[in-house]
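What follows draws every value from the coordinates through simple rules; no lab data is involved. All values derive from a computational prediction rather than experimental measurement. Methodologically, a virtual Cβ is constructed for each residue, glycine included, from the backbone with ideal geometry; neighbour enumeration extends over all protein chains shown.
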Protein chains: 4
Amino acid sequence: MNTFGRLFRINILGESHGDCVGVLIDGCPPGISVPLEIFTVDLERRKSGTPGTTKRKEEDLPTIKSGVFKEKTTGAPILILFENKDIDSSVYERIKDTPRPGHADFVAFKKYGGFNDYRGGGIFSGRLTVGLVAAGVIAKKIIFPAKIEAKLIEVGGLKNIDEAITLALENRDSVGGIVECRAQGLPIGLGEPFFDSVESLISHIVFSIPGIKGIEFGAGFACTNMTGSEFNDVIIDREGHTRTNNAGGINGGITNGNELVFRVAVKPPSSTQKVLETIHIKTNEKVDLEVGGRHDVCIALRIPPILEAVTAIVLADLMLIAQALIPFKQQSQKT
Amino acid sequence: MNTFGRLFRINILGESHGDCVGVLIDGCPPGISVPLEIFTVDLERRKSGTPGTTKRKEEDLPTIKSGVFKEKTTGAPILILFENKDIDSSVYERIKDTPRPGHADFVAFKKYGGFNDYRGGGIFSGRLTVGLVAAGVIAKKIIFPAKIEAKLIEVGGLKNIDEAITLALENRDSVGGIVECRAQGLPIGLGEPFFDSVESLISHIVFSIPGIKGIEFGAGFACTNMTGSEFNDVIIDREGHTRTNNAGGINGGITNGNELVFRVAVKPPSSTQKVLETIHIKTNEKVDLEVGGRHDVCIALRIPPILEAVTAIVLADLMLIAQALIPFKQQSQKT
Amino acid sequence: MNTFGRLFRINILGESHGDCVGVLIDGCPPGISVPLEIFTVDLERRKSGTPGTTKRKEEDLPTIKSGVFKEKTTGAPILILFENKDIDSSVYERIKDTPRPGHADFVAFKKYGGFNDYRGGGIFSGRLTVGLVAAGVIAKKIIFPAKIEAKLIEVGGLKNIDEAITLALENRDSVGGIVECRAQGLPIGLGEPFFDSVESLISHIVFSIPGIKGIEFGAGFACTNMTGSEFNDVIIDREGHTRTNNAGGINGGITNGNELVFRVAVKPPSSTQKVLETIHIKTNEKVDLEVGGRHDVCIALRIPPILEAVTAIVLADLMLIAQALIPFKQQSQKT
Amino acid sequence: MNTFGRLFRINILGESHGDCVGVLIDGCPPGISVPLEIFTVDLERRKSGTPGTTKRKEEDLPTIKSGVFKEKTTGAPILILFENKDIDSSVYERIKDTPRPGHADFVAFKKYGGFNDYRGGGIFSGRLTVGLVAAGVIAKKIIFPAKIEAKLIEVGGLKNIDEAITLALENRDSVGGIVECRAQGLPIGLGEPFFDSVESLISHIVFSIPGIKGIEFGAGFACTNMTGSEFNDVIIDREGHTRTNNAGGINGGITNGNELVFRVAVKPPSSTQKVLETIHIKTNEKVDLEVGGRHDVCIALRIPPILEAVTAIVLADLMLIAQALIPFKQQSQKT
């Protein structure tokens, strides 16, 4: 469903071409300072504008509708909305019966019996991630002084990312990429077995970001080529520091105090300047589709702030839970 | 926490060296035929016994304690227990202050203030997955006639798996591997945006299996080297069949009717026959640890039935939800 | 927390004197016709304006911000907002350190460390119930043709309600009342043991309405004076009709097909025209408080549409769950 | 469903005439001392044996199957089972097509398509409450030094309870009663608006106890005859003590530090020594039913320890949540 988290809970809402997109945050502690300007940096990082990103221009100015009073969180639900302004839905009426390959058009039509808002992908649009970024800004304050940083490390198989984008623009095609995320300064003990391991929760929310096809922690898939002796991270002191970090900062699903490290695979966007083959959903005829519209050549470019945000959301929730379930003190017991 | 699922909910319980391990299933529809013998095949597949697996021998006979009457589910919670019989905890008393590298020993000690059951890894043990397999057997009946099959496709970097295991046994070291899972015959429309995409739910539960370090769907990480034109799966008919299946049967987080495909990376087990370096948790002294005990050389060997089970659990839950939220019929409305 | 429901989930938001109040609905089936005018009747019924209700005048026009396309639900989250317009917060700055007796002022100050929005009671205000009424309008469409009707049956101990209100206005004091709610046409089998009995879920949401101090089903507290022979409702046909309805349409927590009946006790509003005794929260001095502001003399007058709404919300959720968990058909099983 | 609670979560399981009944507790902090003998007092209080209670004799000895190590909670799920030993199911085969009035027989048959375990009421039996009592014993340790006490204050309309029971036994009929529960020493601030008010959560779990038909807090239904001036509890110091306690220790759904007080109405048991009228579920014929079996004349006698247990369960959960969501400290924020 459209909700994530146990205590620090976020609810996503809106459609790409509807009135607005946004996020409703429940379970946020009171007293957190959230002046509007703290949202600016991450929202700007997520925006389009650089080569390889869509020409749709949204100001992405957050409006806080509830849950904040005198610039501080009150403990009540926080609703943050972003108006949709730069909308051009004309193309979607034209193509609504010819599902774009690689998009959710076909499955949404089937699942929702044709009632879904098909304009701009509706709720399946990457535009919804602006709400994640806003929630992440607050989550980052909860986990402070821990620090998260994500960056694009590879595009289209190349480490030189500018070159890869230039190439894709020349080819009028789209490209994928790999984004790496690292978190430092985390306490030992975050993560709740059996099902709410750190990897479980991060991957759960990461795969809700449109376009992600893989995730790996620490050494990741490369670990399958390693022996146990190579893979094992030797513990070098009683604070739990390890000599290597193949585990990516997680043992048994729980943070071990070392750097948390993971990488995600971002697919090439489905809509390109090329003609796309598909079928007409009613007549079953083959159709050559020129999508037009305005699309990203490489959405991986815009993923880093989103990845930081969802990681912060998971960690904030886990920190609050850990604070609730601390070991019971002997003195507080009879017997 | 130790629960997973929205309607078809499983709760895992038990410890490696406690009385038992098991699973409590809530939200199972009444009337499903579950004679004890239907559990045998998958439980046997998960067992140790072949080269490369632990010498611990558990019969793994399920006892159904509630929720089944006259061999059919009643709609009440189903408790399935497995006694622990072949337990040897002696080693764990000896090593409890010297956390094994790569295990949850250190984080469990810190998180639970030393109150955790450290014998055999307690709740962090792979032994807990026997409950997942049992729940999966019931879930498979719910999703029938859809069919799930997982297999080990690579060990230690080799496609010849017997060879890889032999090599590892010779080296007295452990190895990792890659397991692939495929599901056929799924209806279009499973998955609940925004957060409960099929990838989100499968990865959530998959990362609760001890030892998983990565997951990828369809083309997975390889998609980052593909252009959009190469990656896009062309839709060839109005049933949604596609020419290729780079998406792994999922668009926008929702099943598209094609084969669901994903792969997971399984790490090499941490306990090996070699001496392990670690520290003493109280004195901070460096310690050379001979773990002894009985361990798998390659846990990837035992992952396939577990992977099928957790996939079935996710899909069963999503099928029940889809059944609840079908598009509203016009005739059932006033106005 | 601010969320209720398993499949049909509502999230409440806003503050009495903030920008807006509203509701976010998740898990609503697609295809339900929700033109704006269907909200009018219930919202008007909830409004103030008649003798005994507050002079605050809010238009209560709903704005649907997401989840509805071409006047039908899409399956995506539905955000409905109501602007706060007729706000006068002046009094609250004056009295913020002198908690009004019977209000949440004191506990909110303590719980939220002084960060709560104290104007008009913040999130504790009865104003929040406007979102419940809006969600109830949609829920009523889901449970159609079942029908819910609530009415005020007693005020200040009198069955003549106009007389009781006149009396209270003369006394410049406030009064409580009893509201009865009945639902007809419900299917047999709603309610999910062990914890989600119909009584459990209805009472849970009913006690979130500000000012409720008691609830009883069927014969209610009077049953404690009855013998089993008197209380038992004799079943007179295999459709489950009963001769009497002391159970209020519920056995074992599950609807039995007879009329669902319950009553709630609504307290007299705490703010009156009289001087109130309290203390200063910092100095601990005794204070005589003239609240002023605009308040209801009898909030029970405004409870009936809210009670219908929350009942519909519970029943809609239970209907969707029942649809998911229908008994399994033999033919869909391999032995 | 069969689960209750957000952090301290309990799952109920078992059937009246199955192998066992029990409870699975998740989210219990580690380090709580739970030697088996601490369960004895409350379990004994719940037992039958005194005049007016059933002749079924169960030892009710708890077996802890997981989550406890060296007599302390470990942080892992705690499974507590109670074997069913004194079972006589013969009568239930005879009467399974003739639903007993006032019981769940009819609705269970309909809801579960005939697959429910009808022996002794299956999961609808009051026997399931033994698991609640066990979980309550642990919850009481979490909320210590707060203290809960419930007692029977009225049976069959009489304050002299022995007399009322004697009368009922003479009449070979059953009687209802009123149980009052009080909790002292609670911190200010428990309860989570909007939906998880203290009244909401307590009533939710209370109505899962078989046989409850009403609940009221503080002055309860009597408040509807009071004016605001009479009902308002004057705050007499800045610790929040009030002169009267008509609110029952709760304002705005949140504990105010005064005594928590509520009362529940318990219906007369449906099965009596008298002949009961019903119908045959297949033939629709009228049937005179002699139930036989062994039943309580007044289940209200056994409710006090159950009421204490469920209250403790709610309060323990709310305390853990409050601990997680404490107001944010200024020093832990940048800017």
Seminar exercise, completed: With the label set 7 Å along Cα→Cβ, D:His280 is separated from its counterparts in the other copies, in nm and shortest first, by 6.2, 8.0, 8.1
Exercise. B:Gly257's amide H: which non-local residues (gap 5+, or another chain) put their own amide H closer than 5 Å, with H modeled 1.01 Å from N in plane and none for Pro or chain starts?
Worked result: B:Gly189
Seminar exercise, completed: Other residues with Cβ under 10 Å from the Cβ of B:Ile153 give, with Lys and Arg +1 and Asp and Glu -1, a net charge of +1
Exercise. Roughly speaking, what is the centre-to-centre gap between the range A:197-229 and the range D:65-82 when only Cα atoms are used, to the nearest Å?
Worked result: 32
For this session: In vacuum, with every alpha carbon of the protein assembly as shown counted as one equal point scatterer, what does the Debye formula give for log10 I(q)/I(0) at q = 0.04, 0.09 Å⁻¹? Two decimals, please.
Result: -0.22, -1.21
Seminar exercise, completed: Checking D:Ala222, D:Ala316, D:Ala134 against a Gaussian network model of chain D (alpha-carbon springs below 10 Å), the top fluctuating residue turns out to be D:Ala222
Exercise. Looking at D:Phe106, D:Gly214, D:Val133, which one has the Cα that reaches farthest to the positive end of the dipole of chain D (charges on Cβ: Lys, Arg +1; Asp, Glu -1)?
Worked result: D:Val133
For this session: Please list the helices of chain A that count as membrane-span-like by this rule: a mean Kyte-Doolittle hydropathy of at least 0.0 together with Cα atoms stretching 24 Å or more along the helix axis, each helix being a complete DSSP H run.
Result: A:303-324
For this session: Could you list D:Leu320, D:Leu169 in order of exposure, starting from the residue whose Cβ has the fewest other Cβ atoms within 10 Å?
Result: D:Leu169, D:Leu320
Exercise. Under the definition of Cα pairs under 8 Å and six or more residues apart, what whole-number percent is the relative contact order of chain B?
Worked result: 23
Seminar exercise, completed: Residues B:Cys20, B:Cys298 in order from fewest to most other beta-carbon atoms within 10 Å are B:Cys20, B:Cys298
For this session: Within the set of other residues whose C-beta is less than 10 Å from the C-beta of D:Gly248, count the net charge using Lys and Arg as +1 and Asp and Glu as -1.
Result: -1
Problem set entry | Assigned charges on the beta-carbon of Lys, Arg, Asp, Glu; the range A:3-332 dipole about Cα centre (debye) | 420
Exercise. Along Cα→Cβ at 7 Å, what distances in nm separate the D:Lys96 label point from those on the other copies, shortest first?
Worked result: 4.9, 5.4, 6.7
Exercise. What is the residue of chain A with the smallest Cβ distance to the axis taking A onto D, and what is that distance in whole Å?
Worked result: A:Ala324, 2
Seminar exercise, completed: If every Lys and Arg gets +1 and every Asp and Glu gets -1 at its Cβ, then about the Cα centre the protein assembly as shown yields a dipole, in debye to the nearest 20, of 0
For this session: Rounded to whole Hz and in sequence order, give me ³J(HN,Hα) for the range B:90-100 from the Karplus expression 6.51 cos²θ - 1.76 cosθ + 1.60, θ = phi - 60°, writing x for Gly and Pro.
Result: 3, 4, 6, 5, 5, 9, 5, 9, 10, x, 5
Seminar exercise, completed: The pairs in A:Lys72/C:Lys110; C:Lys111/D:Lys159; B:Lys110/D:Lys72; D:Lys96/D:Lys159 lying past 27 Å Cα-Cα in this model are C:Lys111/D:Lys159; D:Lys96/D:Lys159
Problem set entry | Neighbour net charge for B:Lys213 - beta-carbon separation under 10 angstrom, K R +1, D E -1 | -1
Exercise. Distance from the Cα centre of the range D:117-135 to that of the range A:263-293, in angstrom?
Worked result: 56
Exercise. What are the lysines whose alpha-carbon lies under 18 Å from the alpha-carbon of C:Lys57, with same-chain residues fewer than 8 places away excluded?
Worked result: C:Lys47, C:Lys85
Exercise. Across chain C, how large is the tail of the calculated P(r) beyond 35 Å, expressed as a percent of all Cα pairs?
Worked result: 28
For this session: Pop out the ³J(HN,Hα) list for the range B:172-177 in order, Karplus 6.51 cos²θ - 1.76 cosθ + 1.60 with θ = phi - 60°, rounded to Hz; leave Gly and Pro as x.
Result: 6, 10, 10, 9, x, x
Problem set entry | Taking A:Asp42, A:Asp97 and counting other C-beta atoms within 10 Å, the order from fewest to most | A:Asp97, A:Asp42
Exercise. Trypsin sites (Lys or Arg not before Pro) within the range D:119-187: which are DSSP loop residues with at most 13 other Cβ atoms inside 10 Å?
Worked result: D:Lys159, D:Arg172
Exercise. How far is the Cα center of the range A:181-196 from the Cα center of the range B:8-39, in Å?
Worked result: 28
Seminar exercise, completed: Placing each pseudo-label 7 Å from Cα in the direction of the beta carbon, C:Gln323 and C:Leu61 end up separated by a distance in nanometres of 3.3
For this session: Using the 7 Å Cα-to-Cβ label point, sort the distances from C:Val41 to its equivalents in the other copies shortest first and give them in nm to one decimal.
Result: 5.5, 5.5, 5.7
Exercise. Which GluC sites (Glu not before Pro) from the range D:20-69 combine a DSSP loop assignment with at most 14 other Cβ atoms within 10 Å?
Worked result: D:Glu59
Problem set entry | Value at 222 nm in deg cm²/dmol, rounded to 500, when DSSP H runs of n ≥ 4 in chain C each add -39,500 (n - 2.57) | -7000 deg cm²/dmol
Exercise. With r defined as the distance between the Cβ atoms of D:Ile236 and C:Glu44 and R0 fixed at 30 Å, what FRET efficiency is calculated, to the nearest 0.05?
Worked result: 0.10
